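Every number here is computed from the coordinates shown, using simple stated rules; none is lab data. No experiment lies behind these values; they were computed from the predicted model shown. With ideal geometry, Cβ positions are generated from the backbone for all residues, glycine too; neighbour counts draw on all protein chains shown.
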Amino acid sequence: MSDSAASPSKAGILDWFGLRWFFRFLSSSIGQKFVMAITGLLLCGFLVVHLEGNLLLFVSAEKYNAYAHFLHSQEELLMVAETGLFVLFLAHLYLAFATAWGNAKARVDQYAVKQTKQAKGLWAASPSTWMFASGSVVLGFVILHLIDMKFQARPDIVYLDEHAPNAPYANALAVLSNPISRVVYTIGVIVLGFHLSHGFASAFQSLGLNHPKYTPLIKWISRLFAFAIAAGFASLPILVPSLSR
Amino acid sequence: MSHTGSKILNLNLQIWRQAGPDQPGALKAYQLSGISTDMSFLEMLDILNEQLIAKGEEPVAFDHDCREGICGTCGVMINGQAHGPDNATTTCQLHMRRFNDGDTIVIEPWRAKAFPVVRDLVVNRSAFDRIIQSGGYVSVNTGGAPDANAIPVAGHKQQEAMAAAACIGCGACVASCKNASAMLFVSAKVSHLASLPQGQTERSKRVVSMVATMDKEQFGNCTNTGECEAACPAGIKLTNIAQLNREYMKAVLFSGE
Ligand code: FES
């Protein structure tokens, strides 16, 4: 993996702030795992809040619109939250690429035959083996989702002007009824669940929290959480289009 | 040697042959007959080598020393599994009764950037030695022998230390990990010494320095897949890696390291 020694070019500023230790920590394998875990768990927190808000689509158009208007009335807070989210996402992403790159370099010559010794049925289907791949699918889905909802830039979707009182609900419905989005969103959130079923529990191990007292519980909560997130979000593209307009 | 129930096997071996570190290597096929199920895996390789020598061919180079599961030198990949199909068993303790007549057995060296192939199935594991040199020890003053049991150690701590000390440094964790990570090895050493009173003096320095060396040796990073734990012939647990993570965080945040 990455060399833990700070590079000389950065030493000047780091020493000025007395932060050489911090840089060394961030560039160490364990420090990277730690940041991966923290950002992952915080992003899990965002998913919960995001799902809660979106499930209002099933309650009523008024409730959903009120929620959207409330969020957008907090201009500054929203900016801070979005920036924070973006930084978390970027850090998580950067570390995924950095570790995947380092890990690929750690084994150049591959085995002709490789089998697991773990007592799980299909190694190929194990979430932990596919974190980078599942993460990439989620990234693709998130990009489309941002284009659809945040930037409202899909040419094949007719958006209502955002000042119209019913705009949030109408636009959410328009996006969720779009066949491309429906398919991509459903696949995206199922793969997200797959990603979380390992990621959530794995974060605790990376933070050093592994003990026979509670690790089995964490693993169950992880699966349950992954399922709840996947099922909750998948219900939107699957069921929302059938709500009467 | 043979007792009732022992059988004779005919095997198709596919063995990695590589003349030297920078030479190209390839799997080579060998037919081997008359192998008793009572033999160990390494005895089977001995028989193959005797036949190769008789034919004037180069024998297959493989590491081995104790042949009783304690030295950790004998690890090879057997059909894609470190030390073969048995759990908690080294290659030298694996028996041919685990295989069937007519089986194809693929034998490869450990594969990791940090463990370059020396020849055939032999790899250079001195990266592990350098990790140990960087902190996997305790410093003691020599002098009169201290009284036995003069330093109290809690029973459960003693057991934790003993379980971690079971690591034989064979490298199966690195070999089986999809990232070629050495975390299980390093964590066993760090946990072992962190559990005992004698290990306290150098506790913070040890973990920071050993992790830095591990990173420098270009082992991969852990993604918590658990392959290492399953492959470990000494039963080292993933809880050790969690402890390594804790020890490292504690050292970074609360010590001068
Ligand atoms: S030869 Fe010593 S452990 Fe196998």
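Distance distribution P(r), chain B, all Cα-Cα pairs, bin width 10 angstrom from 0: 7, 27, 30, 19, 12, 4, 0 percent.
Note on chain A: with a GNM built from Cα contacts shorter than 10 Å, the maximum mean-square fluctuation among A:LEU160, A:LEU77, A:LEU56 falls on A:LEU77. Using Cβ point charges alone (K and R +1, D and E -1), the dipole size of region B:1-99 about the Cα centre works out to roughly 360 debye. Maximal additional length on extending the A:PHE97-A:ALA164 stretch stands at 20.0 nm, based on 0.36 nm per residue less the C-alpha distance. The Cα center of region B:161-192 and the Cα center of region A:175-217 differ in position by 28 Å.
Remark: mean inter-chain Cβ contacts per residue of B:236-245 equal 4, using a 10 Å Cβ-Cβ cutoff to other protein chain atoms. With unit charges on the beta carbon (Lys/Arg positive, Asp/Glu negative), name the residue among A:LEU217, A:LEU51, A:ILE147 whose Cα is farthest towards the positive pole of the charge dipole of chain A. Of the listed residues, the answer is A:LEU217. On the basis of the beta-carbon distance and an R0 of 60 Å, B:GLU57 and B:GLN133 show a calculated FRET efficiency of 0.95.
The dipole here belongs to chain B: it is taken about the Cα centre, uses +1 on the Cβ of Lys and Arg and -1 on the Cβ of Asp and Glu, and is about 680 debye. Between B:ILE47, B:ILE70, B:ILE132, the GNM of chain B built on Cα springs shorter than 10 angstrom shows B:ILE47 fluctuating the most. Here the Gaussian network model covers chain A, with springs between Cα atoms less than 10 Å apart; of A:LEU47, A:LEU209, A:LEU19, A:LEU19 fluctuates the most. Taking every residue in A:20-32 and counting other chain Cβ atoms within 10 Å of its Cβ, the average works out to 5. A Cβ-based charge dipole, computed about the Cα centre of region A:93-152 with Lys and Arg at +1 and Asp and Glu at -1, lands at about 260 debye.
Note on B:67-80: average number of Cβ atoms from other chains within 10 Å of each residue's Cβ is 1. For A:LYS33, a cut-off of 20 angstrom between C-alpha atoms picks up these aspartates and glutamates, skipping any fewer than 8 places away in its own chain: A:ASP3, B:ASP215, B:GLU217, B:GLU227, B:GLU229, B:GLU247, B:GLU257. In this structure, the residue pairs whose Cα-Cα separation is over 29 Å, taken from A:LYS117/A:LYS219; B:LYS7/B:LYS55; A:LYS114/B:LYS28; A:LYS114/A:LYS219; B:LYS28/B:LYS237; A:LYS105/B:LYS157, are B:LYS28/B:LYS237; A:LYS105/B:LYS157. For B:ASP38, the residues whose modelled amide H falls within less than 5 Å of its own, excluding neighbours fewer than 5 places apart on the same chain, are B:LYS7.
Residues in region B:128-143 carry Karplus couplings, in order, of 4, 4, 5, 5, 4, 4, 7, x, x, 8, 10, 8, 10, 7, 7, x Hz; the curve used is 6.51 cos²θ - 1.76 cosθ + 1.60 with θ = phi - 60°, and Gly or Pro positions show x.
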